[in-house]
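What follows is a short report on a single structure.
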Amino acid sequence: MTDSNTLADHIGYEKVQHIVHSFYQQAQEHAELGAFFSHIEDFTSHEKRLSDFWWQALGGQLEQPCQFDMIGKHFPLGIQDSDLEAWLVLFGRVLGENLDVNLANAWMDKMLNIATRLKQIVIDHTPLGPEIKNKT
């Protein structure tokens with residue numbers, strides 16, 4: 001990859017959509033993860049939103065950038081460490097099946113950063129960092 005191109009540029013939006021679709025197809029059937037997706041009525045819209053999320057997370061630009069409440073959406077689900085691990089393994093496998101190793105590893109690095117934040121806030125219920133207070 002060159003410095004002027006983002007990871008999104010190297011992967012392409014259509015490939016991001018394909019990977020997201022492949023992951024959610026498998027996740028819905030996954031013994032541990034499937035229950036987290038059973039309440040979603042419009043999976044086409046869900047996949048589009050997640051494709052947009054990953055596109056932006058990988059450095060891509062959207063005509064109408066979206067705001068995502070990742071913590072708010074995941075907090076009430078009761079996610080445990082084993083669920084997060086299963087998500088990482090499955091998504092990692094899908095990445096490996098669809099991208100060359102360098103692109104898959106670069107996307108996985110982004111995933112691990114997100115997973116760390118999810119674990120810290122959603123599973124461990126700890127703040128992201130130290131509380132910053134105004135000087136008085």
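Laboratory data are not the source of any read-out in this text; all were calculated from the coordinates shown. Owing to the predicted nature of the structure, the values given are computational and were not obtained by experimental measurement. Counting neighbours? That spans all protein chains shown, and the Cβs are built from the backbone with ideal geometry, glycine included.
Listing for the model above:
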quantity: All-pairs Cα distance distribution in the stretch 9-123, expressed in whole percent, bin size 10 Å; calculated: 13, 47, 37, 4
quantity: Sites residue 18 and residue 56, calculated FRET efficiency, Cβ-Cβ separation with R0 25 Å, nearest 0.05; calculated: 0.90
quantity: Those GluC sites (Glu not before Pro) in the stretch 4-43 that DSSP places in a loop and that have at most 12 other beta carbons within 10 Å; calculated: 41
quantity: Length gained when the stretch residue 116-residue 75 is fully extended (0.36 nm per residue, less Cα-Cα span); calculated: 13.4 nm
quantity: Total formal charge among the other residues, if their Cβ is under 14 angstrom from that of residue 25, Lys/Arg +1 and Asp/Glu -1; calculated: -2
quantity: Additional length obtainable on full extension of the chain from residue 26 to residue 66, 0.36 nm per residue less Cα span; calculated: 11.9 nm
